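Every number here is computed from the coordinates shown, using simple stated rules; none is lab data. Since this is a predicted model, take the numbers as computed values, not measurements. Neighbour counts are summed over all protein chains in view; Cβ atoms, including those assigned to glycine, are modelled from backbone coordinates with ideal geometry.
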Amino acid sequence: MTQDTHTPPYPPDILGMEAEEMRRLGYRMVDLVVENALNRHASPAIQANTPEALAQALGGPLPEAPGDADAALDTLARVALANMQHGDHPRYFARVPGPASFAAILGEWLGTGFNTIATSWGGGSGPSTVELVAVRWLAEMLGLPEATEGVLLSGGSLASLTAFATARAEMGPGTAYFTDQTHSSLPRDLRLLGWAADELHMLPVDAGYRMDPARLAAAIQADRARGRTPRMVIATAGTTNTGAIDPLDEIAEICAAHDLWLHVDGAYGAPAAITAQGRALMPGLARADSLVIDPHKWLFQPYDVGACFVTRPGALERTFAMNPEYLRDVKTAPGTVNFGDRSPELSRRSRALKLWMSLTTYGAGRFRAAVARGIANAEFAENYLRQNPARWQVVTPAQIGVVTFALVGADAAEHARRAKVVSDTGYAAVTSTLLNGVSVLRLCTINPLTTEDDIRQTIDRLGAA
Ligand code: PLP
């Protein structure tokens with residue numbers, strides 16, 4: 001059917017703009033983003049402001065009449081987006097950095113510009129195929145079994161929630177085992193899904209902050225003897241605190257022997273497995289029933305994207321598929337995938353476009369090199385700290401991009417003070433954490449743009465603060 005009247009795509013009087021204005025503002029936005037990237041190393045790694053100052057700049061009465069889009073863009077860039085952690089800054093070492101790559105940002109922008117939806121095959125066969133391909137490429141890079149299926153979510157929290165719901169649907173209710181180093185979002189996921197308090201079995205870790213397989217096996221046996229039903233073990237490939245990797249192969253043996261679901265939280269660390277060095281540290285990764293990674297951490301994607309992989313074909317759909325009458329006409333032939341049937345999200349944007357775009361642009365080889373660089377950076381930091389034993393004690397060695405250390409004689413308050421002084425200057429963002437109740441400073445070095453000088457100077461400033 002042809003249209004005999006032409007309606008401008010975005011009429012200015014109906015929430016739109018003239019074509020020239022769309023282009024001009026769009027290019028300005030691109031300029032703001034590129035300028036930010038070019039000047040990033042010279043601007044603060046983290047910046048915060050008071051609620052009053054921010055509310056004054058960004059708040060005010062509801063704007064009833066049209067305003068100035070240029071000024072609005074400036075205010076967002078200068079105020080809102082300046083006052084945050086810049087996880088892509090080369091000296092952002094706090095928590096987990098987010099060193100997004102530019103090709104990935106392009107994929108994200110394009111998807112938003114086209115108002116992409118990746119819910120059903122009928123309503124989005126193109127974006128759905130991109131997601132199938134991206135999930136397959138990631139699974140291949142990680143060395144997961146051929147039959148692995150997956151879905152992209154907002155991050156590790158929702159990806160693990162999706163995996164746990166699947167585990168419960170496949171296996172039935174029962175006790176879940178994890179450690180005191182498991183990321184706190186995972187027990188929260190379990191509680192949200194209805195796991196009772198006495199079905200959450202937290203185990204103490206070994207001296208290297210890893211799950212102890214002997215303790216796990218003993219706990220399973222003791223729980224069975226008490227009439228409990230062990231169901232799932234949650235292992236971590238790269239803890240947030242120290243980068244420690246649980247002994248996945250031994251844990252997988254125990255899971256196989258007791259018919260338990262093995263979930264591996266690799267939100268932080270599993271991307272290390274795309275390198276030969278990292279893969280060697282994670283034997284057994286491919287034996288997971290479910291695995292979560294966060295490409296917005298160590299796979300160079302802008303927020304947000306987490307991936308949930310399940311190695312049992314059909315398990316995601318068996319858990320999440322719906323068939324309401326208002327969606328029947330978008331169901332199509334066998335072999336197609338409706339991603340709305342693979343997680344609790346129905347309407348969902350395509351988080352795969354940025355993965356596809358960046359993998360296509362840079363190639364897997366450059367991703368591997370960038371991850372290897374993050375691993376090497378932490379090793380450099382460890383070596384540098386060890387050169388000054390009168391001042392620094394390495395508490396946990398460099399493990400896939402994380403090193404923890406203590407200033408000789410300092411307590412928790414002193415560590416926190418020094419981390420704050422350095423972070424307040426904007427030079428670098430550093431945080432402290434607790435290991436067995438003892439305070440340590442911590443660097444997470446996964447940004448491939450970080451230089452040895454960045455690391456040296458950050459450590460020196462922590463020493464001098
Ligand atoms: N698991 C680990 C090991 C993490 O480090 C994090 C976040 O830092 C999460 C899970 C939660 O991921 P997200 O913040 O993407 O929900």
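Residue-wise HN-Hα couplings along segment 212-220, as the Karplus relation 6.51 cos²θ - 1.76 cosθ + 1.60 with θ = phi - 60° gives them from phi, are 9, x, 5, 5, 4, 4, 5, 5, 4 Hz; Gly and Pro carry x. Suppose R0 equals 51 Å; then what is the FRET efficiency for Leu434 and Met22 from their Cβ-Cβ distance, rounded to the nearest 0.05? With R0 = 51 Å, the Cβ-Cβ based efficiency is 0.50. Scalar couplings 3J(HN,Hα) for segment 249-264, obtained by applying the Karplus form with A = 6.51, B = -1.76, C = 1.60 to θ = phi - 60°, are 5, 5, 5, 4, 4, 5, 4, 5, 5, 10, 6, 10, 6, 9, 9, 10 Hz; x denotes Gly and Pro. Here's the picture: charge each Lys and Arg Cβ at +1 and each Asp and Glu Cβ at -1 in segment 107-362, and of Trp121, Ala273, Leu260 the one pushed furthest to the positive end of that dipole is Trp121. When only the Cβ of Lys, Arg, Asp and Glu is charged (+1, +1, -1, -1), the dipole of the chain relative to its Cα centre reaches about 980 debye. Cα centroid separation, segment 230-275 to segment 36-70: 41 Å. Over segment 365-464, what relative contact order in percent results from Cα pairs under 8 Å that are six or more residues apart? Relative contact order comes out at 30 percent. Antiparallel as a % of all DSSP beta bridges within the chain, to the nearest 5? Given both bridge residues lie in the chain, the antiparallel proportion sits at roughly 60 percent. Using only alpha-carbon positions in segment 64-139, the gyration tensor eigenvalues give semi-axes of 30, 23, 9 Å once each is multiplied by 5 and square-rooted (largest first). Look at the dipole of segment 295-377 built from charges on Cβ: of Pro302, Thr360, Ile375, the Cα furthest out on the positive end belongs to Ile375.
Summing Cβ point charges (Lys, Arg +1; Asp, Glu -1) relative to the Cα centre of segment 151-250 gives a dipole of roughly 280 debye.
Charge tally for Lys297 (other residues, Cβ to Cβ under 13 Å; Lys, Arg +1; Asp, Glu -1): -3.
Cα centroid distance between segment 76-120 and segment 355-398, in Å? A separation of 21 Å, based on Cα centres.
Rounded to the nearest 500, what is the chain's calculated 222 nm mean residue ellipticity when only DSSP H runs of at least 4 contribute -39500 (n - 2.57) each, over all residues? All intermediate terms of the calculation are to be shown ahead of the outcome.
Values: 16 runs with 194 residues, N = 465.
Per the formula, -13000 deg cm²/dmol.
Rounded to the nearest 20 debye, the dipole magnitude of segment 107-362 is 280 debye, with +1 charges on Lys and Arg beta carbons, -1 on Asp and Glu beta carbons, and the Cα centre as origin.
Here r is the Cβ-Cβ distance between Leu81 and Tyr10 and R0 is 30 Å; the resulting FRET efficiency, rounded to 0.05, is 0.80.
Divide the volume of the convex hull around the Cα atoms of the chain by the residue count and you get 180 Å³ per residue. Across the chain, the mean sequence separation of Cα contacts (distance under 8 Å, 6 or more residues apart), normalised by length, yields a relative contact order of 21 percent.
Close amide H pairs (under 5 Å, H built 1.01 Å from N) link Val205 with Asp180, residues at least 5 positions away or on another chain.
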